[in-house]
Ligand SMILES: [Zn+2]
């Protein structure tokens with residue numbers, strides 16, 4: 001468990017650094033906020049969330065995983081999956097679960113109270129991928145325990161999924177100006193910055209679209225895909241309310257679920 005945590009942390013830092021470099025060299029949208037402020041706030045939030053998740057729920061996730069392995073419990077065991085096939089199917093199954101979890105975060109009022117903290121960012125860049133309310137992370141990790149029990153993944157299947165979902169999230173939140181023809185090609189398989197920027201856009205055509213995190217096929221399959229017009233539909237970013245600099249301060253951010 002420790003080695004997979006170290007690998008996940010190293011991947012997070014490496015992708016974060018590469019995306020920061022790309023945002024500096026070829027940004028998609030001009031920023032009005034200080035980059036150092038955005039990096040400082042969102043990294044502090046991420047460190048605090050990781051620390052608390054490790055204390056509160058990581059042990060339960062690991063215990064659930066050990067239980068499924070010891071008793072060969074879960075659908076993956078019923079199907080006789082092992083090795084690489086089990087890792088690949090684990091990524092697909094958990095990514096599909098993540099699609100529905102994200103959709104539920106938007107459709108169920110109670111869940112939206114927490115998820116809107118992520119959407120309250122008025123700009124979007126690689127640091128936005130670290131902007132989550134602890135309440136949302138606790139709920140999604142609690143549901144994830146149920147998914148682990150149902151599916152029965154291997155430790156490495158789960159570790160590879162965690163690395164991919166974090167890396168893909170950092171990539172598609174990044175404020176990088178990748179040529180559209182390249183993004184269209186990438187988007188046939190995974191979610192691109194243009195596709196996810198649409199999810200954060202206030203433009204009416206973008207409401208309730210593009211929920212996928214790793215594989216873009218889920219949005220096409222479940223009819224929530226929207227190809228956004230980059231010049232007109234990808235600005236402004238955020239929520240109608242709250243707007244303003246207080247969205248980058250800890251206390252107002254943590255109190256977001258209490259605001260209607
Ligand atoms: Zn969302």
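Report the Cα centroid-to-centroid distance between the range 55-84 and the range 37-54 in angstrom, as an integer. Their Cα centres are 28 Å away from one another. If you wrap the tightest convex hull around every Cα atom of the chain and split its volume per residue, you get 128 Å³. Between the range 138-198 and the range 199-240, the alpha-carbon centres lie 15 Å apart. Among rounded, prolate and oblate, which fits the range 49-195 when a ≥ b ≥ c are the square roots of the eigenvalues of its C-alpha gyration tensor, a/c under 1.5 means rounded, and a/b larger than b/c means prolate? Cα axes put the range 49-195 in the oblate bin. Set the Förster radius R0 to 25 Å, insert the Cβ-Cβ distance between residue 62 and residue 165 as r into 1/(1 + (r/R0)^6), and round the FRET efficiency to 0.05. Step by step, r from the Cβ atoms, then E = 0.90.
From least to most packed, judged by other beta carbons within 10 angstrom and beginning with the fewest, 78, 176 follow the order 78, 176.
With 10 angstrom as the radius, rank 169, 154 by how many other C-beta atoms surround their C-beta, starting from the fewest. So the ranking, lowest neighbour count to highest, is 154, 169. First check a/c for the range 98-167, with a ≥ b ≥ c the square roots of the eigenvalues of its C-alpha gyration tensor; if it is under 1.5, answer rounded, and if not, answer prolate when a/b is larger than b/c or oblate otherwise. Oblate, because a/c is 1.5 or more while a/b does not exceed b/c. Classification of the range 107-260 by its C-alpha gyration tensor yields an oblate form. The axis ratio a/c (a ≥ b ≥ c) is 1.5 or more, and b/c is at least a/b. Rank the residues 206, 198 as a footprinting-exposure proxy: fewest other Cβ atoms within 10 Å of their Cβ go first. Sorted ascending by nearby Cβ count, the order is 206, 198. A full extension of the chain between residue 3 and residue 69 corresponds to an added length of 21.9 nm, given 0.36 nm per residue minus the alpha carbon distance.
Quick note: the coordinates plus some simple rules give every number you see, no bench work behind them. Small disclaimer: the values here were computed from a predicted structure and weren't measured. Cβ: placed from backbone, ideal geometry, glycine included. Neighbour counts: every protein chain shown.
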